[in-house]
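J.: Could you have a look at this structure, given as structure tokens, before my questions?
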Amino acid sequence: MVSSSCISLLDLASGDMMNFSQAPRALPRIMTVPGIISDIDGDGTNDGNSDAPSTVKKIIVSNFLPLNAQKDLKSGKWSFSFDEDSLLLQMKDGFSENTEVVYVGSLRVDVDTSEQEEVSQQLLEEFNCVPTFIPSEIYKNFYHGFCKHHLWPLFHYMLPMCPDHGTRFDRLLWQSYVSTNKIFADKVMEVINSEEDYVWVHDYHLMVLPTFLRKRFNRIKLGFFLHSPFPSSEIYRTLPVRDEILKALLNADLIGFHTFDYARHFLSCCSRMLGLNYESKRGHIGLEYFGRTVYIKILPVGVHMGRVESALNHPSSSIKVKEIQKQFKGQRLVVGVDDMDIFKGISLKLLAMEHLLQQNSGLRGKIVLVQIVNPARSSGKAVQEAKMEAHTITKRINDTFGFPGYEPVVLIDRHVPFCEKTAYFALAECCIVNAVRDGMNLIPYKYIVCRQGTLKMDEALGVAPGSRHTSSLVVSEFTGCSPSLSGAIRVNPWDIEAVANALNVAINMPDLEKQLRHEKHYRFVSSHDVAYWARSFMQDLTRACEDHYSKRCWGIGFGLNFRILSLSPSFRKLSNDYIISAYKRTSKRAIFLDYDGTVVAQTSIPKTPSPEVISVLNNLCSDPRNNVFIVSGRGKKSLSDWFAQCENLGIAAEHGYFMRWSGMSDWETRSLAADFDWKNIAEPVMKLYTEATDGSYIETKESALVWHHQDADPDFGSCQAKELLDHLENVLANDPVVVKRGQNIIEVKPQGVTKGFVAEKVLSSMIANGKPPDFVLCIGDDRSDEDMFESMSNTAYGSSLPSAPAIFACTVGQKPSKARYYLDDTVDVLALLQCLADASNSKSSSTETQVSFDNVV
């Protein structure tokens with residue numbers, strides 16, 4: 001089927017995938033300058049209505065629309081209806097009644113090209129749905145290829161170790177995945193009115209969609225929720241396109257997961273593969289990503305209480321309950337409902353039932369496992385093998401333990417209406433979910449609601465009004481619902497004997513205990529329903545987007561590496577032309593430079609300065625109008641050896657504890673009490689953590705001790721650093737020292753020793769000598785440099801100077817800082833310093849020429 005929404009895969013190869021097609025209607029607001037929103041129409045004209053209020057919509061994007069579709073073969077007309085069981089439809093209850101909700105997704109049926117425009121118009125007008133018509137070949141590669149054969153197994157911890165067990169990575173399938181996400185983005189662009197609308201993207205099918213949307217609208221209010229597990233970093237890192245997917249997800253404002261485990265795995269991947277750190281702020285987890293804070297939401301989805309209760313009250317449910325009661329009279333029911341999937345653990349559940357009957361002969365003839373198998377969502381050899389195995393084990397159990405009138409296992413392998421499922425739930429004494437890996441699984445929630453019942457269901461069951469209800473759950477610890485159900489019996493599905501014992505305990509549990517567990521579960525399920533989930537997510541998304549218009553935004557990167565650089569309006573990249581202009585106008589300059597991470601890259605293996613660094617520093621120092629200082633945490637011996645060729649360079653070592661004004665002067669020591677007995681306390685503690693943390697080491701300075709963990713495991717090293725910080729603060733509480741955490745370090749040093757003291761001393765000296773600075777430049781990348789930024793401004797502005805100096809406080813890298821400017825990396829720093837050195841040389845040459853000319857005259 002050819003689609004009007006089709007894009008050529010050649011676009012992907014040519015790099016044009018990020019270029020959006022023209023939206024069918026003009027967008028009311030466009031970007032005219034990076035970070036500045038202009039209230040003009042897309043055609044560049046102003047119709048005078050730009051200030052008219054627009055309705056804020058919530059756009060829900062998922063692989064499938066919440067619709068049922070059917071075509072009348074005689075008339076050829078399409079008929080559509082909402083799918084009442086769809087989570088996307090049920091979540092509307094979490095929004096206010098006047099909220100406009102638009103759905104974007106695919107239909108589960110093929111629509112001919114000639115009918116697509118008519119169907120699209122009908123769905124938009126009648127259902128507020130926007131269909132994405134994906135070409136059949138692309139969709140096959142996208143859904144059945146990349147989604148089901150790559151992402152789905154990987155996210156459920158299954159690696160393609162050999163061709164018989166999984167599909168090896170196929171670049172063509174990945175291209176189809178990206179192409180499909182691009183089509184979804186185009187469709188969202190058709191219905192989004194402005195950056196005021198909220199977009200909520202669902203599940204692993206659309207994980208690169210945030211990049212396409214963020215590129216079009218820098219300030220789009222965008223949330224993403226993953227309904228599947230997110231694997232540990234050891235599994236996820238095997239994916240060849242791991243970085244592309246992580247970076248795409250980070251273009252969302254809020255990323256949601258069912259459990260903390262899934263969120264923790266995602267954060268670990270961001271840390272290990274992208275070098276990002278996260279922190280908790282007032283209960284909210286945030287990742288700093290190029291000036292934006294990407295928030296993490298942990299909240300399991302719930303069920304729609306009204307939908308389940310209406311199914312219980314349906315006449316067919318009451319009829320079915322009585323049929324089941326009659327069929328299994330005198331027998332106790334255990335129910336399981338699963339998709340036919342290799343991860344649902346159906347065979348393991350059946351083996352546990354077999355073991356239970358083997359070990360407990362008294363249960364034979366009294367207990368029945370009703371296993372309902374929903375049709376498989378995908379085809380494949382593994383699914384067929386799982387289905388065959390389930391039927392084989394069922395037959396063996398029934399042949400071994402069954403007798404006329406009794407079958408221990410009833411395997412229902414067909415589509416079962418929801419009302420029929422609720423009847424089984426209402427009658428079953430126990431529900432078992434034995435998945436080996438599952439994103440959420442709402443079966444236990446539905447079972448609990450059905451066991452609570454309704455007046456009509458109680459009447460059908462013959463339960464007296466006001467009777468207390470009971471339930472018991474056996475739940476795999478590898479399902480997303482497990483952490484929420486604290487009253488369930490949690491099991492390892494691979495331990496067949498333990499699962500069998502858990503079933504035995506659940507069946508024979510005293511009624512009072514069943515009541516208490518049931519009541520606890522029902523309170524949670526009824527208060528944390530799907531409406532609560534949707535409302536909570538949207539509230540957090542609103543909060544996450546609050547500062548969108550308080551920052552300036554730039555789009556950087558190409559293709560799927562695109563991201564937004566978001567900065568405070570007062571925080572901007574330091575322009576070479578701008579600073580050179582100020583540099584040339586001034587004659588009493590102070591320049592402070594950090595070392596590691598500023599003039600030498602943190603990742604550089606040789607830590608000695610390059611010839612280029614030595615050359616540019618000598619050029620700067622040769623200008624008599626400059627006072628240039630290297631201000632570092634490193635020891636004085638290393639720094640003096642490395643910069644021996646720079647005679648006019650000032651050096652401050654160990655954060656200013658040692659200082660010399662030039663290569664010809666002696667080292668000065670900070671006038672503090674020279675009592676270093678605290679080292680005898682701190683060093684043994686650091687050694688304990690060094691022995692326990694592979695890759696860490698201790699650096700001993702004359703005035704300080706530093707524990708480094710940059711070569712340790714990122715997660716473990718960070719954890720150990722936090723513990724060491726607390727430990728040292730406790731044991732050194734009465735000593736005149738400070739314990740600080742820096743970039744991959746924990747440092748203990750005397751109080752009052754900061755880089756800020758160096759800046760203060762140099763500037764004060766210049767003022768005292770009658771040469772008040774008119775130009776101050778300070779560049780650094782670490783937390784210790786923030787003291788220098790602050791002290792530099794306070795000293796320069798707080799003194800009685802004839803005029804305010806030109807101050808340039810500059811951090812390396814885009815991150816929260818007291819500096820007003822930033823440079824991207826050490827390459828930018830050296831380029832800037834070279835420009836300043838060239839400016840000094842050119843001015844010196846001009847002066848010399850003028851002097852020579854005057855002499856001739």
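J.: What number of residues in the range 232-248 are touching a Cys at 6+ places or on another chain (Cβ under 9 Å) and of a type outside the set (Phe, Trp, Tyr)?
T.: Residues that pass the stated criteria total 5.
One line per residue, one yes/no per condition, for (1) open to solvent by less than 50 Å² (accessible area, probe 1.4 Å); (2) out of contact with any Leu (no Cβ under 8 Å at 6 or more places or on another chain):
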{"site": "Val474", "(1), (2)": "yes, no"}
{"site": "Phe478", "(1), (2)": "no, yes"}
{"site": "Pro493", "(1), (2)": "yes, no"}
{"site": "Ala502", "(1), (2)": "yes, yes"}
{"site": "Ala506", "(1), (2)": "yes, no"}
{"site": "Leu516", "(1), (2)": "no, yes"}
{"site": "Arg523", "(1), (2)": "no, yes"}
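J.: Can you tell me which residues in the range 363-405 are assigned to a strand (DSSP E or B) and buried (at least 16 other Cβ atoms within 10 Å of the Cβ)?
T.: Narrowing the range 363-405 to residues assigned to a strand (DSSP E or B): 367-374, 403.
Within the range 363-405, Ile367, Val368, Leu369, Val370, Gln371, Ile372, Val373, Asn374 meet the criteria.
J.: Scan (1) surrounded by fewer than 21 Cβ atoms within 10 Å (Cβ to Cβ); (2) in contact with a helix residue (DSSP H, G or I) (Cβ under 9 Å, 6 or more places away or on another chain); (3) closer than 30 Å to Met457 by Cα for the single condition Arg414 breaks and write down its number.
T.: (2)
J.: Out of the range 538-555, which residues are among the hydrophobic types (A, V, I, L, M, F, W, C) and either in contact with a Lys or Arg (Cβ under 6 Å, 6 or more places away or on another chain) or farther than 15 Å from Phe224 by Cβ (or both)?
T.: First, the residues of the range 538-555 that are among the hydrophobic types (A, V, I, L, M, F, W, C): 538, 541, 544-545, 553-554.
Cys545, Cys553, Trp554, listed by residue number.
J.: Only residues that are at pLDDT below 90 and buried (at least 20 other Cβ atoms within 10 Å of the Cβ): list them for the range 606-634, please.
T.: Residue satisfying the conditions is Gly633 alone.
J.: Quick check: is even one residue across the range 75-93 of a type in the set (Phe, Trp, Tyr), within 28 Å of the chain's Cα centre (by Cα) and at pLDDT 95 or above? Please lay out each step first, then the result.
T.: Let us first name the residues in the range 75-93 that are of a type in the set (Phe, Trp, Tyr), namely 78, 80, 82.
If we keep only those that are within 28 Å of the chain's Cα centre (by Cα) as well, we get none.
No - not one qualifying residue is present in the range 75-93.
Results for (1) at pLDDT 95 or above; (2) open to solvent by 10 Å² or more (accessible area, probe 1.4 Å); (3) aliphatic (A, V, I, L, M); (4) assigned to a loop (DSSP other than H, G, I, E, B), shown as yes or no for each residue.
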site: Val321; (1), (2), (3), (4): yes, no, yes, no
site: Ile324; (1), (2), (3), (4): yes, no, yes, no
site: Gly330; (1), (2), (3), (4): no, yes, no, yes
site: Val334; (1), (2), (3), (4): yes, no, yes, no
site: Val337; (1), (2), (3), (4): yes, no, yes, no
site: Leu348; (1), (2), (3), (4): yes, yes, yes, no
site: Leu351; (1), (2), (3), (4): yes, yes, yes, no
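J.: For the range 170-245, which fully contained helices (runs of 4 or more DSSP H) count at least 2 residues that are surrounded by fewer than 20 Cβ atoms within 10 Å (Cβ to Cβ)? Outline the logic, then answer.
T.: Details: elements: 171-191, 209-216, 233-236.
The qualifying helices (runs of 4 or more DSSP H) are 171-191, 233-236.
J.: When you go through Gly559, Gly555 one by one, which is the residue that is more than 20 Å from Gly780 (Cα to Cα), out of contact with any Pro (no Cβ under 9 Å at 6 or more places or on another chain) and open to solvent by 10 Å² or more (accessible area, probe 1.4 Å)?
T.: Numbers: Gly555 fails: out of contact with any Pro (no Cβ under 9 Å at 6 or more places or on another chain).
Going through Gly559, Gly555 in turn, just one is more than 20 Å from Gly780 (Cα to Cα), out of contact with any Pro (no Cβ under 9 Å at 6 or more places or on another chain) and open to solvent by 10 Å² or more (accessible area, probe 1.4 Å): Gly559.
J.: Could we say that Lys74 is closer than 22 Å to Ala252 by Cβ and open to solvent by 50 Å² or more (accessible area, probe 1.4 Å) here? So that I can check it myself, show each step before the final result.
T.: On the way: closer than 22 Å to Ala252 by Cβ: no; open to solvent by 50 Å² or more (accessible area, probe 1.4 Å): yes.
When the stated conditions are applied, Lys74 does not pass them.
J.: Something else: Within the range 218-227, is even one residue farther than 19 Å from Phe537 by Cα and either out of contact with any Lys or Arg (no Cβ under 8 Å at 6 or more places or on another chain) or not acidic (Asp, Glu) (or both)?
T.: Going through the range 218-227, the residues farther than 19 Å from Phe537 by Cα turn out to be 218.
Still in the running and either out of contact with any Lys or Arg (no Cβ under 8 Å at 6 or more places or on another chain) or not acidic (Asp, Glu) (or both): 218.
Yes; the residues of the range 218-227 include at least one that is farther than 19 Å from Phe537 by Cα and either out of contact with any Lys or Arg (no Cβ under 8 Å at 6 or more places or on another chain) or not acidic (Asp, Glu) (or both).
J.: Let me ask something else. Do we find that Val737 is among the hydrophobic types (A, V, I, L, M, F, W, C) and either over 16 Å from Trp678 (Cβ atoms) or in contact with a Pro (Cβ under 8 Å, 6 or more places away or on another chain) (or both) in this structure?
T.: Details: among the hydrophobic types (A, V, I, L, M, F, W, C): yes; either over 16 Å from Trp678 (Cβ atoms) or in contact with a Pro (Cβ under 8 Å, 6 or more places away or on another chain) (or both): yes.
Yes; evaluated as a whole, the condition is true for this residue.
J.: Something else: Let me confirm something: among Asp641, Asp623, which residue is free of Cβ contacts under 8 Å to residues at least 24 places away in the same chain and of a type outside the set (Val, Ile, Thr)?
T.: Asp641
The values are calculated or read from the model by the stated rules, or taken from the named source; none is laboratory data. Bear in mind that the values here come from a model prediction, so they are computed numbers and not experimental data. Virtual Cβ from ideal backbone geometry, glycine too; neighbours counted across all protein chains shown. Only protein heavy atoms, including side chains, enter the accessible area calculation; ligands, DNA and RNA are left aside. Shrake-Rupley method; radii C 1.70, N 1.55, O 1.52, S 1.80 Å.
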